[in-house]
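The values are calculated or read from the model by the stated rules, or taken from the named source; none is laboratory data. Computed from a prediction, not measured in an experiment: that's the story for all the values here. Neighbour counts run over all protein chains shown; Cβ positions are idealised from the backbone, glycine included.
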């Protein structure tokens, strides 16, 4: 394990009932949401991981890892990434957030320092844990949460040394669409 580098993690969900298809493979201007997420993360990390079905997403490269705990949601994906990452620090991004900026990644990296276990954007109390920075030291606590059936990332964050930074879309130079999720065809 490497304490100084960063692993970029794209959580590539699956089929969305509202979208009617796999969101990671939805294209905007000829690029899939998965490819867009990888493009955004790559300049900020030494390693990339995609957590999702290797049969669906294997075309992007050999760094696609099946979720160790399918059915648990994003917390399971983050745990899987912590198991396979070469680095202790992870930048996590859900594939359906195509407007996250380089500035956000730099803020997240600067904020995950010292003994902080997570550095998570929040806007007036609403957390964005799927565009956040995590340290591997969260792993045992997150595993305990999953074992207890507490699958919400926000609940797991209450159990670790997490810091929440006020970042509100449309304020302080942040784009209005910074954390916009693509969940339905109308969101495209």
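General remarks:
- Taking the criterion of being out of contact with any strand residue (DSSP E or B) (no Cβ under 6 Å at 6 or more places or on another chain) and surrounded by 14 or more Cβ atoms within 10 Å (Cβ to Cβ), the residues of the range 45-59 that qualify are 52, 53, 56.
- Within the range 100-116, if we keep just the residues that are surrounded by fewer than 16 Cβ atoms within 10 Å (Cβ to Cβ) and closer than 16 Å to residue 7 by Cα, the residue that is farthest from the chain's Cα centre (by Cα) turns out to be 113.
- Among the residues of the range 123-140, the ones that are touching a strand residue (DSSP E or B) at 6+ places or on another chain (Cβ under 7 Å) and closer than 15 Å to residue 91 by Cα come to 10 in all.
- For the range 1-41, the candidate set comprises residues that are over 18 Å from the mean Cα position of the chain (by Cα) and not in a strand (DSSP E or B); within that set, the residue that is modelled with the highest pLDDT is 30.
- Positions within the range 104-128 being touching a helix residue (DSSP H, G or I) at 6+ places or on another chain (Cβ under 8 Å) and under 23 Å from residue 43 (Cα atoms), in sequence order: 105, 106, 109, 117, 118, 119, 120, 121
- Any hit, the range 124-144, residues being buried (at least 18 other Cβ atoms within 10 Å of the Cβ) and more than 17 Å from the chain's Cα centre (by Cα): no
- Pairing residues of the range 54-73 that are in contact (Cβ under 8 Å) with a residue 40 or more places away in the chain with residues that are surrounded by 14 or more Cβ atoms within 10 Å (Cβ to Cβ) and part of a loop (DSSP other than H, G, I, E, B), at Cβ distances under 6 Å and at least 6 apart in sequence or on separate chains, gives 57/12; 72/151; 73/151.
- Subset of the range 147-160 [surrounded by fewer than 18 Cβ atoms within 10 Å (Cβ to Cβ) and under 18 Å from the mean Cα position of the chain (by Cα)]: 151, 152, 154, 155, 158
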